[in-house]
Amino acid sequence: MKIVYITAKTPWSPKETFILPEIQEIRRQGHQITVIPLRPGKAVIAGQEAMRVAEISIHLPLIGFKVLGMALAVTILHPLCVMITLWHLLRTWRKPLKLLKNLAVFPKGLAVARLVKKIKPDHIHAHWASTPSTAAYIAAKVCNIPWSLTAHRWDISENNMLQEKVRSAKFVRAINRQGRAEIQQAVGKSLADKCEVIHMGVDVRQSLNAENQALIEGKLDKFVFSCPAYMVLKKGHSYLIEACSLLKKRGKPFYCWLFGDGPLEGELRKQVKSLGLEGVVEFKGRLPHDALLGLYQNGAIDTVVLPSIETESGDKEGIPVSLIEAMAWGVPVISTPTGGISELLREEAGVLVPERSAQVLMESMETLMRDAEYLQTIAERGRRRVFEEYSIETVVKDLLGLMKSK
């Protein structure tokens with residue numbers, strides 16, 4: 001099967017590393033895939049995984065003379081299809097800003113159609129229900145090729161032509177049950193059956209023989225917590241730092257490693273300094289995806305903590321792949337029941353704490369530090385959950401099955 005994947009920036013963005021294993025698995029299962037990011041950056045992100053995906057990707061800017069020339073060529077060859085597609089964009093807009101966003105990607109969508117005509121894929125799939133799926137919608141309409149999209153979290157509530165996209169698409173994938181319910185509510189009963197839940201998956205094959213973390217040679221003498229997350233409000237970093245301060249006051253020896261960067265990094269560094277946590281809470285920067293997985297594999301990290309919150313604007317998690325990946329390697333996780341996280345960590349597959357509560361978070365961290373048996377139980381339950389429901393092999397088979405279905 002030939003497939004075109006439209007992403008936001010992958011593999012030119014560290015914010016979409018969770019898509020990389022899916023692309024790789026599609027190739028592993030014997031299918032040809034071409035990746036076309038909507039807004040590619042200047043450099044491919046670090047890591048072998050991203051470099052391999054870059055080899056099958058087409059770097060075409062969002063706008064430029066080349067894109068405009070390709071769009072013009074498609075318009076000349078298929079004027080009626082282009083005009084009808086543009087009309088659909090114009091008639092389905094709700095707010096001026098969304099209309100402007102869609103018009104801004106219209107030339108790129110036509111340029112993608114030009115590429116699709118040459119590639120001749122069997123299916124187009126877009127990640128995000130926002131402008132990447134607008135580009136996929138445009139290309140699919142012009143080329144008359146089946147298409148589908150994966151909706152994650154904020155892109156659902158944004159509702160950028162969602163009803164029209166669901167109507168036009170072969171199917172729409174939500175990554176959790178809550179996301180599916182939100183899509184179904186937005187599009188109405190007549191289109192509800194086109195919405196399917198297929199989780200984001202992780203590679204669990206190499207995790208099957210993972211050694212017990214406590215037996216790995218070279219283990220640090222202190223317990224290591226980590227938080228691999230983009231530093232934005234909904235990730236709740238400030239509550240983790242506050243919990244670390246409370247834990248330090250109890251005389252517990254530990255490290256807390258923060259992986260990633262983001263707009264709140266400066267503010268979080270100030271918080272760490274003001275609480276006297278230098279040397280305890282460490283900013284490790286942006287790490288290549290495969291390097292982070294290597295830390296889990298080598299037993300360098302004891303527990304992953306993601307104290308996510310739902311912001312006042314309604315921004316929240318889907319099901320964070322950062323938690324799924326840790327669980328796959330037998331690393332226990334602590335998080336909050338926001339977004340779709342409780343779906344992942346139900347039945348004590350992880351530790352759930354109330355959002356915005358540094359005190360309860362600290363107590364849970366302390367419990368895992370002192371109770372090795374409980375730590376191992378949570379780790380085993382988490383690993384089992386991922387094996388049963390989030391294996392990338394099964395996820396991709398399900399996704400491809402929908403693409404192939406009549």
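Taking segment 386-397, which residues are touching a strand residue (DSSP E or B) at 6+ places or on another chain (Cβ under 8 Å) and not small (Gly, Ala, Ser)?
Correct list: VAL386, TYR390, ILE392.
State which residue is farthest from SER308 (Cα to Cα) when the search covers only segment 364-397 and only residues that are of a type in the set (Asp, Glu) and surrounded by fewer than 16 Cβ atoms within 10 Å (Cβ to Cβ).
GLU393
Tell me which residues, restricted to segment 76-108, are of a type in the set (Lys, Arg), surrounded by 13 or more Cβ atoms within 10 Å (Cβ to Cβ) and modelled with pLDDT under 90.
The one that is of a type in the set (Lys, Arg), surrounded by 13 or more Cβ atoms within 10 Å (Cβ to Cβ) and modelled with pLDDT under 90: LYS98.
Inspect segment 45-64 for any residue being of a type in the set (Gly, Ala, Ser), more than 26 Å from the chain's Cα centre (by Cα), surrounded by fewer than 19 Cβ atoms within 10 Å (Cβ to Cβ) and assigned by TED's automatic domain parsing to the domain that holds SER130 and give the result as yes or no.
So far as segment 45-64 goes, yes, one or more of its residues are of a type in the set (Gly, Ala, Ser), more than 26 Å from the chain's Cα centre (by Cα), surrounded by fewer than 19 Cβ atoms within 10 Å (Cβ to Cβ) and assigned by TED's automatic domain parsing to the domain that holds SER130.
Determine whether segment 64-77 contains at least one residue that is within 25 Å of GLY41 (Cα to Cα) and not in a helix (DSSP H, G or I).
Yes, segment 64-77 has at least one match.
Grab the helices (runs of 4 or more DSSP H) fully contained in segment 113-198, keeping just those with 1 or more residues being closer than 17 Å to THR85 by Cβ.
Correct list: 131-143, 162-168.
Would you check if there is a residue in segment 375-385 being farther than 15 Å from LEU345 by Cα and in contact with a strand residue (DSSP E or B) (Cβ under 8 Å, 6 or more places away or on another chain)?
Scanning segment 375-385 turns up no residue that is farther than 15 Å from LEU345 by Cα and in contact with a strand residue (DSSP E or B) (Cβ under 8 Å, 6 or more places away or on another chain).
Residue by residue through segment 311-325, note down the ones that are under 16 Å from the mean Cα position of the chain (by Cα) and among the acidic types (Asp, Glu).
Answer for segment 311-325, where residues must be under 16 Å from the mean Cα position of the chain (by Cα) and among the acidic types (Asp, Glu): ASP315, GLU317, GLU325.
Is one or more of the residues making up segment 349-356 free of Cβ contacts under 8 Å to residues at least 40 places away in the same chain and more than 24 Å from VAL197 (Cα to Cα)?
Checked segment 349-356: at least one residue is free of Cβ contacts under 8 Å to residues at least 40 places away in the same chain and more than 24 Å from VAL197 (Cα to Cα).
Give the residue that is farthest from SER226 (Cα to Cα), with candidates limited to residues of segment 278-310 that are assigned to a loop (DSSP other than H, G, I, E, B) and under 18 Å from the mean Cα position of the chain (by Cα).
GLU310
ALA104 - would you say it is under 16 Å from the mean Cα position of the chain (by Cα) and more than 16 Å from VAL35 (Cα to Cα)?
Here the answer is no, as ALA104 does not meet what is asked.
Looking at this structure, is GLU363 farther than 15 Å from PHE225 by Cβ and charged (D, E, K, R)?
Here the answer is no, as GLU363 does not meet what is asked.
I need the full set of residues from segment 267-320 which are β-branched (Val, Ile, Thr) and either farther than 28 Å from GLN178 by Cα or surrounded by 22 or more Cβ atoms within 10 Å (Cβ to Cβ) (or both), in order please.
Scanning segment 267-320 gives VAL272, VAL280, VAL281, ILE301, THR303, VAL304, VAL305, ILE319.
The values are calculated or read from the model by the stated rules, or taken from the named source; none is laboratory data. Please read these numbers as outputs of a predicted model, since none were measured by experiment. Positions of Cβ are generated from backbone atoms using ideal geometry, with glycine treated the same way; all protein chains shown enter the neighbour counts.
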